[in-house]
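Chemist: Have a look at this one before I ask anything.
Bear in mind these aren't lab numbers, they're just calculated from the coordinates by the rules spelled out. What you see is a predicted model, and the numbers here were worked out from it, not measured in a lab. Neighbour counts run over all protein chains shown; Cβ positions are idealised from the backbone, glycine included.
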Amino acid sequence: MTESGSGSTQLRPAYEDVQAHYDLSNDFFALFQDPTRTYSCAYFEGEDTSLEDAQLAKIDLALDKLGLQPGMTLLDVGCGWGSVMKRAAQRFDVNTLGLTLSRNQRALGQEVLDAVETKRSRQIQLRGWEEFDEPVDRIVSIEAFEAFPKDRYAAFFDTCHRVMPDDGRMVLQTIMGHPLKRWPELGIPIVMSDLKFMRFISKEIFPGGAVPCDEDVIEFSEKAGFAVEELQYLTPHYVRTLDIWSERLEAARDRAIEVTSVEVYDRYMRYLIGCSDFFRRGVSEVGQFTLVKR
C-alpha cells in the first residue's frame, strides 16, 4: 500500500533491544514460567488457581473480546513463544500470524505451533509491526506495547487500524504508569529508590521502551480511528504472577546461574521483586484495552 510507504514501514524495529532481553536463554525463562511459556500478567480466577491455568484464563479473557470466527486471521504483535496463537487456533479455528523480534522466541514458538492439530495456518515471523502491512481480521498484543518508544505510538495504531476490516477489533494488554503530575493525587510518594528502579528497568531489563499511561493509549488509538470499548485492569493479578515467578527463579538459582550467570540471576531477581512492589503499591498498573474500529 502506498499509504504505508511514507509511514510506519520506514521505521526500523528495535531488534537489538528486544534480543538483548528475550534471546538471553530459553532455558533460563523456562525456570520461572509456566508450561505455556507465557511471559505476561496472568489472571487468577480463584485462590487455588495454578499459574498455568491463570495464564490460560488471561489468554481466554483477551481472545473472548475479539469476536473471532473460524477462518479469520489473527495477528499477534509481540507473540512471545506462541501461547496466545496456540490457544486461538485450538479454541476458535483461526489462522494465526505472530510477530516477534526474538530469534529464540520464533524458533521455539514455531515448534509449539507446528505441533497443533489444525488445518489453519500458523506462522511466527521475525519482524516488527513497522514492517507489516498485510490484511488481518483481528489483532491481539499482550505486553509488547511497553517496548515501543512513544514517538511510534501513532504509527502503531495507524498500522493496526489500516490492516483490519471495518469491523476490526483489537485487544491490547499493556503495563502502565502514571504521569508524575498524577502521583500526588494518588498518594504515591516520589522517592529516589523508585526513580532508581525505573532507570534500572529501562537500562538493564527493557532498553528502548516507554511505559505508557492510560491517557496515551486512549489518545493515540482514538486519533487512529479506534474507539475504546473497555479497559479492564488486572493489576492485583500481576503482583501474584511476579511473586510466583520470583519464588520459582529463586528455587532454581543454581540452574539459572548455570545457564546464564550470577549477574543475570541477580538482575532478574531484582527486576521481578521490584516490579511486584510497584504493582502492589499502585506505581504500576496493567490493563486490557478492547479497541474497535469506528
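Chemist: Report, by chain and number, residues whose modeled amide H sits under 5 Å from the one on Gly128, excluding near sequence neighbours (fewer than 5 apart, same chain).
Modeler: HN-HN under 5 Å from Gly128: empty list.
Chemist: Report relative contact order for the chain in percent, whole number only (criteria: Cα-Cα under 8 Å, sequence separation at least 6). Write out the running numbers ahead of the final one.
Modeler: Numbers: 525 pairs, mean separation 63.2, N = 294.
Result for the chain is 22 percent.
Chemist: What's the long-distance tail for segment 1-137, i.e. % of Cα pairs beyond 19 Å? Intermediate results must be reported in sequence, preceding the final value.
Modeler: Working: 5064 of 9316 pairs.
Result: 54 percent of Cα pairs exceed 19 Å.
Chemist: Using each residue's phi in segment 29-41, evaluate 6.51 cos²θ - 1.76 cosθ + 1.60 at θ = phi - 60° and report the 3J(HN,Hα) Karplus result to the nearest Hz, with x for Gly and Pro.
Modeler: These are the phi-based 3J(HN,Hα) values: 4, 5, 5, 10, 7, 7, x, 6, 6, 8, 10, 7, 4 Hz.
Chemist: Here is a further query. Apply the Debye scattering formula to segment 158-259, with a single equal point scatterer on each alpha-carbon and no solvent, then give log10 I(q)/I(0) at q = 0.14, 0.16, 0.18, 0.24 Å⁻¹.
Modeler: -0.83, -1.00, -1.13, -1.39
Chemist: Going Cα to Cα from Lys65, which lysines come in below 23 Å? Please leave out same-chain ones fewer than 8 positions away.
Modeler: Partners found: Lys86, Lys223, Lys293.
Chemist: A follow-up question, please. So if I place +1 on the C-beta of Lys and Arg and -1 on the C-beta of Asp and Glu, and nothing else carries charge, what would the dipole magnitude of the chain be about its Cα centre? I want it in debye, nearest 20. All intermediate terms of the calculation are to be shown ahead of the outcome.
Modeler: Details: 34 positive and 48 negative charges, 68 e Å.
Rounded to the nearest 20 debye, it is 320 debye.
Chemist: So how many Å³ per residue does the convex hull of the Cα atoms of segment 154-210 work out to? Please list the in-between numbers first.
Modeler: Details: hull volume 7.4 nm³, N = 57.
Given the Cα convex hull of segment 154-210, per-residue volume reads 129 Å³.
Chemist: Express the C-alpha Rg of the chain as a ratio against the empirical globular expectation 2.2 N^0.38 Å, rounded to two decimals.
Modeler: Working: Rg = 18.4 Å, N = 294, 2.2 N^0.38 = 19.1 Å.
Here the Cα radius of gyration is 0.96 times the empirical estimate.
Chemist: Mean separation of Cα pairs under 8 Å and 6+ residues apart, divided by the residue count of segment 68-187: what relative contact order is that in percent? Working shown, then result.
Modeler: Values: 207 pairs, mean separation 30.8, N = 120.
Over segment 68-187, the number comes to 26 percent.
Chemist: Among Ile190, Ile201, Ile218, which one shows the highest mean-square fluctuation when the chain is modelled as a Gaussian network with alpha-carbon springs under 10 Å?
Modeler: Ile190
Chemist: For Asp166 and Glu111, compute 0.36 nm times the residue count separating them, minus their Cα-Cα distance, and round to one decimal in nm. Walk me through the intermediate numbers first.
Modeler: On the way: separation 55, 0.36 × 55 = 19.80 nm, distance 3.33 nm.
Residue separation times 0.36 nm, minus the Cα-Cα distance, leaves 16.5 nm.
Chemist: Can you sort Val163, Val171 so the residue with the fewest Cβ neighbours within 10 Å comes first?
Modeler: Working: Val163 20, Val171 23.
Arranged by neighbour count, lowest to highest, Val163, Val171 become Val163, Val171.
Chemist: Here's another thing I want to ask about it. Roughly how large, in nm² to one decimal, is the mean projection of the convex hull of the alpha-carbon atoms in segment 202-294?
Modeler: Values: hull surface 29.1 nm².
For the Cα atoms of segment 202-294, the hull's average projected area reads 7.3 nm².
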